[in-house]
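Enquirer: Take a look at the following structure, please.
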Amino acid sequence: DYVLVTLGVSLLIGLWLETWKGVFSRPLLVFGRTPLFTYLLHIFLIHGLALLVGMARGLAPADFTHFLTPEASAKLAAEHWGFGLPLVLLIWLLIVAAFYPLSRAYLRLKQTKRAAWMSYL
């Protein structure tokens, strides 16, 4: 039920965004038309940044590659690894803003090239 409600609301919002001509409609449509591209970019960037920040704080890279093991999780918790919600939201906003030109450029490329594999990204 949760998935159906979530998808239904998402589809209705997407339909509304297609006809809405507001300030935020263009960025939302760009990200909505390049979802996998944006998702893959953000995974690599965020995990890379977390690794760099963790290494700068003295943590080993293995703590981030094996973070699901009990030992690594305990070590990250003991080091008080993480950030507060306001900082996380600020980082998210900056990353989304940085990805907008890349996603827009990819959307233009996707619309002009018409390669079959590009429809998946």
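Enquirer: If packing is taken as the mean number of other Cβ atoms within 10 Å per residue, what is the order of 19-25, 51-57, 31-37, 108-114, highest first?
Expert: Taking the mean over residues of other Cβ atoms within 10 Å, the ranking is 31-37, 51-57, 108-114, 19-25.
Enquirer: Mind running the shape call on region 62-121? Use the C-alpha gyration tensor, a ≥ b ≥ c as the square roots of the eigenvalues: rounded below 1.5 for a/c, prolate if a/b tops b/c, oblate otherwise.
Expert: Because a/c hits 1.5 or more and a/b fails to exceed b/c, region 62-121 counts as oblate.
Enquirer: Looking at the chain as a GNM with Cα springs under 10 Å, which of Leu59, Leu28, Leu68 has the largest mean-square fluctuation?
Expert: With Cα springs under 10 Å in the chain, the top fluctuation among Leu59, Leu28, Leu68 is at Leu68.
Enquirer: Averaged per residue, what accessible surface does the chain expose to a 1.4 Å probe, in Å²?
Expert: Ligands and nucleic acids excluded, the figure is 76 Å² per residue.
Enquirer: Membrane-span-like helices in the chain: DSSP H runs reaching 15 Å or more (Cα, own axis), mean Kyte hydropathy at least 0.0?
Expert: In the chain, the long hydrophobic H runs are 2-19, 35-56, 85-113.
Enquirer: Per DSSP helix of 4 or more residues, -39500 (n - 2.57); summed, then divided by the residues of the chain. What does that give at 222 nm, rounded to the nearest 500?
Expert: The helix contribution divided over the chain gives -24500 deg cm²/dmol.
Enquirer: Could you tell me the accessible area of Leu40 in Å² (1.4 Å probe, neighbours in place), rounded to the nearest ten?
Expert: The value for Leu40 is about 70 Å².
Enquirer: Now, a different point. Report the GluC sites (Glu not before Pro) located in region 1-92 that are in a DSSP loop and have at most 10 other Cβ atoms inside 10 Å of their Cβ, or state none.
Expert: none
The values are calculated or read from the model by the stated rules, or taken from the named source; none is laboratory data. These numbers were taken from a predicted model, which means no experiment stands behind them. Every residue, glycine among them, receives a Cβ derived from its backbone with ideal geometry; neighbour counts consider all protein chains shown. Note: areas computed on protein heavy atoms with side chains; ligands, DNA, RNA excluded. Shrake-Rupley method; radii C 1.70, N 1.55, O 1.52, S 1.80 Å.
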